[in-house]
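Everything below concerns the one structure shown next.
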Amino acid sequence: MNQKDYEQLQTKLSPKTPIGLNVLKAFLVGGIICTVGQAISFFYIMNFDFTERTAGNPTVATMIFISLLLTGFGLYKKLGQFAGAGSAVPVTGFGNAVISAAIEHKTEGIVLGVGGNIFKLAGSVILFGVVSAFFVALVKLILVTIGVTHW
Amino acid sequence: MFTSFIIAFIVGGLICVIGQLLMDVGKLTPAHTLAILVVTGAILDGFGLYEPLIDFAGAGATIPITSFGNSLTHGALAEAEKHGWIGVLTGMFEVTSSGISAAIIFGFIGALIFRSKGNID
Amino acid sequence: MDKGVIYFPSKPSILAAGVVVGPLEKRSVFAQNFDLVLDDERADQKTNEQGHQHLIEEAAQIALQKKKLTMDAVDFFIGGDLVNQMTPTNFAASTIGSPFIGMYSACATSTAAVIIASLLTELGGSHYAIAGAASQHNAIERQFRYPVDYGGQKPATAQWTVTAAGYALIGKHQEGEPCIEAATFGKVADYQQSDPFHMGAAMAPAAFSTINQHLKGRGQTVQDYDVIMTGDLGKVGLPILKEMLRQSGFTTKQLETIRDGGAEYYGDDPLFLAGASGAGCSASVFFSEILAELKSGRMKRVLLVATGALLSQLSVQQNQSIPTVAHAIEVTMK
């Protein structure tokens with residue numbers, strides 16, 4: 001059997017990704033997580049000295065705390081299996097990536113294990129966030145300087 | 001107030017749908033998917049489009065990882081406006097520090113108190 | 001004779017075996033034939049890797065106890081696991097203290113080790129050899145994929161790495177014990193599969209190639225066997241193998257002989273997706289269920305084909321395909 005025939009055979013016999021169902025689950029769970037976030041930010045606005053713009057920071061921190069509990073008790077991976085991007089894309093997913101790596105590598109010590117691996121999964125998000133922000137800001141600065149656009 | 005929950009649900013859900021499509025149709029790993037979303041958030045802010053989305057959707061726009069790219073850019077742009085070239089470098093983490101610092105601190109605490117468990121249900 | 005096919009005129013016997021599994025494997029359809037089910041996935045050790053080592057030591061001990069032997073009687077300890085440089089097996093070998101041959105064929109290690117043990121027995125160089133393989137879920141997942149608590153979505157083709165160790169005691173031919181008549185070291189098959197969450201598709205061609213190689217080399221047909229059992233192709237890989245065999249001329253009836261340990265391991269539980277995998281999968285099925293069937297006389301001749309995916313995290317990240325291999329042993333019972 002040549003490679004092309006085999007590829008056809010294995011594609012035919014492998015279960016298809018249920019894209020519609022996955023998308024629906026991602027939508028629901030992602031939506032619910034954001035709604036929880038919205039409730040938490042209202043909580044901060046009403047009870048503390050936060051505005052709608054500034055409530056984002058404590059909200060994100062609280063969401064990551066929730067992620068810590070769910071990850072530590074082994075629940076986030078079940079949520080992830082069900083929701084896919086629905087639980088990976090919200091900031092709780094970023095928290096899960098950091099926290100699960102930290103927990104996993106505690107057996108190698110807190111310096112080399114936790115310290116060296118905490119950003120094993122989430123590092124690329126930080127890298128690409130920072131690098132793209134740098135270039136976007138740079139381009140905008142150049143455009144403003146030569147007078148194409150303004151701040 | 002009720003409407004703001006609905007809008008947060010729908011916008012946040014839709015951003016996750018984009019992520020799911022990148023993974024299922026684009027066959028990307030979660031790491032690639034999240035990297036693309038972060039870059040998208042950063043670029044949208046460059047065009048001044050992400051802040052209006054936050055005003056509209058609240059947590060529906062601040063909770064997805066796209067907002068991380070947005071706030072990095074936002075910090076860089078704000079400082080660039082004030083201090084020029086040097087601000088691009090220094091302003092980046094001005095706005096967005098809470099996500100990363102919370103993740104680091106809770107990650108560390110998690111490592112101290114939890115052990116990984118290969119359970120399935 | 002086809003390359004890789006080995007015939008053992010002296011018919012070394014599988015004198016006993018020990019199978020130790022983790023707590024989740026209690027749910028296996030093969031559970032009643034496992035010797036020991038641990039309550040703790042790390043066997044009450046500090047790290048996953050130490051728990052892994054403990055599984056191996058326990059399984060070897062149990063195999064020896066069944067024949068009332070001690071470690072001093074063992075001429076060779078042959079085995080491996082999936083952890084980098086197979087350190088759990090290395091440490092277990094240090095405790096066991098016999099001459100050690102470490103082997104790596106990924107999840108095909110169990111049968112590869114038995115083949116080497118049989119060769120040494122055949123040569124007269126070994127009275128008692130312990131051969132097998134093991135895997136521990138957490139230790140393997142974190143090395144090959146993600147941290148155990150990471151919330152990634154696995155596709156329906158993904159398999160669950162078992163926590164299990166299976167070791168067999170191989171000795172000179174003995175009446176009334178299953179014996180190894182022949183074996184085949186398989187060639188590496190690479191059909192350019194690259195999805196680390198779809199091992200079944202990567203490994204099916206290796207099983208196909210080794211089964212054909214063995215049957216041809218031995219001048220046999222499928223009818224000569226009560227069962228041909230692959231190691232861990234899983235619920236998706238097994239139908240792919242069967243379809244390959246069907247296209248090469250196997251009849252529907254002949255295909256009924258083909259079974260897979262990984263596909264059957266956890267029954268129909270959907271939580272385990274496409275079933276079980278891991279070096280301990282084939283070892284714990286072959287050395288428990290299948291040996292019991294042979295000993296009871298319900299099976300007379302079986303072909304055990306452990307299948308292994310020879311990938312590493314590095315090779316996956318460098319966008320290389322997944323080479324695979326399968327090694328077979330032909331076990332008979334008078």
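The values are calculated or read from the model by the stated rules, or taken from the named source; none is laboratory data. Everything numeric here is computed off the predicted structure, so don't read it as measured data. Cβ atoms come from the backbone with ideal geometry, glycine included; neighbour counts cover every protein chain shown.
Assorted remarks:
- Looking at the range C:268-334, the helices (runs of 4 or more DSSP H) lying wholly inside it that each contain 2 or more residues that are under 20 Å from the mean Cα position of the chain (by Cα) and within 19 Å of C:Val236 (Cβ to Cβ) sit at C:279-285.
- Of all positions in the range A:76-92, at least one carries a residue that is surrounded by fewer than 23 Cβ atoms within 10 Å (Cβ to Cβ), facing another protein chain (nearest Cβ under 7 Å), in contact (Cβ under 8 Å) with a residue 40 or more places away in the chain and over 16 Å from B:Gly99 (Cβ atoms).
Rundown of residues vs (1) more than 19 Å from C:Ile140 (Cβ to Cβ); (2) polar (S, T, N, Q); (3) out of contact with any Asp or Glu (no Cβ under 7 Å at 6 or more places or on another chain), yes/no style:
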site: C:Leu245; (1), (2), (3): yes, no, yes
site: C:Lys253; (1), (2), (3): yes, no, yes
site: C:Ile258; (1), (2), (3): yes, no, yes
site: C:Gly267; (1), (2), (3): yes, no, yes
site: C:Cys281; (1), (2), (3): no, no, no
site: C:Val285; (1), (2), (3): no, no, yes
site: C:Ile290; (1), (2), (3): yes, no, yes
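- Failed item, numbered, when C:Ala106 is tested on (1) hydrophobic (A, V, I, L, M, F, W, C); (2) assigned by TED's automatic domain parsing to the domain that holds C:Leu294; (3) out of contact with any Phe, Trp or Tyr (no Cβ under 8 Å at 6 or more places or on another chain): (2)
- Being crowded, with 24+ Cβ neighbours inside 10 Å and either over 23 Å from A:Gln3 (Cα atoms) or at pLDDT 95 or above (or both) holds for only one residue in C:Tyr225, C:Tyr266, and it is C:Tyr266.
- Residues of the range B:1-43 that are under 12 Å from the mean Cα position of the chain (by Cα) and either in contact (Cβ under 8 Å) with a residue 12 or more places away in the chain or not in a helix (DSSP H, G or I) (or both): B:Gly12, B:Ile15, B:Cys16, B:Leu34, B:Ile36, B:Leu37, B:Val38, B:Val39, B:Thr40, B:Gly41, B:Ala42.
- From B:Ile43, B:Ile6, B:Ile63, B:Ile54, residue being farther than 21 Å from A:Ile64 by Cα, modelled with pLDDT of 90 or more and either of a type in the set (Ser, Thr, Tyr) or buried (at least 16 other Cβ atoms within 10 Å of the Cβ) (or both): B:Ile43
- Residue selected from the range A:93-108 under the condition within 7 Å of chain C (Cβ to nearest Cβ) and closer than 28 Å to A:Pro58 by Cα, by the criterion nearest to the chain's Cα centre (by Cα): A:Gly93
- Checked against (1) in contact with a His (Cβ under 9 Å, 6 or more places away or on another chain); (2) crowded, with 22+ Cβ neighbours inside 10 Å; (3) free of Cβ contacts under 8 Å to residues at least 60 places away in the same chain, C:Gln53 meets all criteria but (1).
- Odd one out for A:Val111 among (1) in contact with a helix residue (DSSP H, G or I) (Cβ under 9 Å, 6 or more places away or on another chain); (2) more than 8 Å from chain C (Cβ to nearest Cβ): (1)
- Residue list for the range A:114-134, restricted to those being more than 15 Å from B:His83 (Cα to Cα), among the aromatic types (Phe, Trp, Tyr) and facing another protein chain (nearest Cβ under 8 Å): A:Phe128
- Selected residue (criterion: surrounded by the fewest Cβ atoms within 10 Å (Cβ to Cβ)) from residues of the range B:73-86 that are facing chain A (nearest Cβ under 8 Å), without any contact (Cβ under 8 Å) to a residue 24 or more places away in the chain and assigned to a helix (DSSP H, G or I): B:Trp85
- Scan the range A:1-29 for residues that are among the aliphatic types (A, V, I, L, M) and part of a loop (DSSP other than H, G, I, E, B) and the total you get is 1.
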